[in-house]
Amino acid sequence: MQTILGATGQIAVELARELCRTYTTDLRLVSRSPRKVNDSDSLVSANLLDAAQAARAVEGSSTVYFTAGLPPDTRLWEEQFPAMLRNSLEAARAAKAKFVYFDNTYMYPQDDRLLTEASVFEPVGRKGRGRAAMASMVLQEMARGEIPVVIGRAPEFYGPDKTQSITNRLIIDKIKSGQTPRVPVRDDTRRTLIWTPDASRALAALGNAADAFGQTWHLPCDDDRLTYRQFVALAFELCGREPSYRVLGKWALTAAGIVSRQVRELRELLPRYERDNLFDSTKFKQRFPEFEVTTYRQGLRHMLAEPRREAI
């Protein structure tokens, strides 16, 4: 049985679909209020902050995927995320289960260096330091060697359904709502974005490849690395409209944080938009050459065809 912890987020939902479609129908979905993705799913309600509940949720599993998320609240990330991860690792160890950790790039340097699996951790801000500590916790478990552990790391998301990201919120949702999209900080730096269904499919592939464990993997992205200027132009081209957008400068976003908690929580991420973001996923593509990465054109075409949602 394969178990997904934090099973209601977009990554987890797509992961459950892929696991059922390609690998196994024996799936357990775990969250505080789990919902079936596939008819054959079994559901377990658990709070990962409670070690006993986490242990019961994982018991009997062969593979455990940690995809839990929290709102972009720094205090919650500091107080709850490490405990959730620690309890999940201990539960997987007790169950002698493989552990698959879904990670992000907050711990990396926020500059234009090429980011590979060997890149050093140089976190900027409290969220970055928190994610660095969590990644280090998983690496320590990997080094312990009692259970197989693998890390799948993804850059910023864009994608369908309930995908949450700055790109979705400020650009794609605005275009779909007929509003002017807003580009954070600069429109001429290259971005590496990952299509959320690709991230989930890749995580499933790692969790079912014995030779992938004991390593960190960058999940596969389109190597085109468009600037936001190009990304927005492509989106408008697919809509058959002339491109129009506004750049929100760093100081404007910083000032907006005074009155908006949501914007305030994003401020420590702003340096990443001042420089090229070059996330390299060559290692994954070489190991899984049959994996088809969704291009920006394919992803945007899919999203722009979705029913319109109210922009934030």
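For the stretch 175-218, count the residues as N, evaluate 2.2 N^0.38 Å, and divide the Cα radius of gyration by that value, please. Present the calculation step by step, with values, prior to reporting the outcome.
Values: Rg = 16.8 Å, N = 44, 2.2 N^0.38 = 9.3 Å.
The value comes to 1.82.
Tell me, what HN-Hα J-couplings in whole Hz come from the Karplus equation 6.51 cos²θ - 1.76 cosθ + 1.60 at θ = phi - 60° for each residue of the stretch 194-207, using x for Gly and Pro?
10, 6, 4, x, 5, 4, 5, 5, 5, 5, 4, 4, 5, x
Can you show me the helix-derived [θ] at 222 nm for the chain, built from DSSP H runs with n ≥ 4 at -39,500 (n - 2.57) apiece and divided by the number of residues, rounded to the nearest 500.
That calculation yields -10500 deg cm²/dmol at 222 nm.
Arrange 217, 195, 251 by Cβ neighbour counts within 10 Å, fewest through most, would you?
Fewest to most other Cβ atoms nearby, the residues stand as 251, 217, 195.
Going Cα to Cα from residue 174, which lysines come in below 30 Å? Please leave out same-chain ones fewer than 8 positions away.
127, 162, 250
First measure r as the distance between the Cβ atoms of residue 26 and residue 112, then evaluate 1/(1 + (r/R0)^6) with R0 = 45 Å and state the FRET efficiency to the nearest 0.05.
Computed FRET efficiency for residue 26 and residue 112 comes out at 0.50.
To make sure I understand, if each residue's beta carbon is the centre and we count other beta carbons within 10 Å, what order do 31, 165, 244, 281 fall in, fewest to most?
244, 165, 31, 281
Stretched out fully, how many nm does the piece from residue 188 to residue 132 gain, at 0.36 nm a residue minus the Cα gap?
Computed gain between residue 188 and residue 132 is 17.3 nm.
Which residues' amide hydrogens lie under 5 Å from the amide hydrogen of residue 99, considering only partners 5 or more residues apart or on another chain, with H built in the peptide plane?
HN-HN under 5 Å from residue 99: 64, 149, 150.
Based only on other Cβ atoms within 10 Å, what is the fewest-to-most ordering of 196, 74?
Taking fewest neighbouring Cβ atoms as first place, the list is 74, 196.
Can you bin every Cα-Cα distance in the stretch 121-229 into 5 Å intervals starting at zero and give me the percent of pairs per bin, rounded to whole numbers?
2, 11, 15, 18, 20, 15, 10, 6, 3, 1, 0
Return the equivalent ellipsoid semi-axes of the chain as a descending list in whole Å, where each equals the square root of 5 times an eigenvalue of the C-alpha gyration tensor. Before the final figure, lay out the partial values.
Numbers: eigenvalues 200, 89, 74 Å².
Each semi-axis is √(5λ); the values are 32, 21, 19 Å.
Readers should treat all values here as calculations from the given coordinates under stated rules, not as data from a laboratory. Everything numeric in this text was worked out from a predicted model, so none of it was measured. Neighbour counts run over all protein chains shown; Cβ positions are idealised from the backbone, glycine included.
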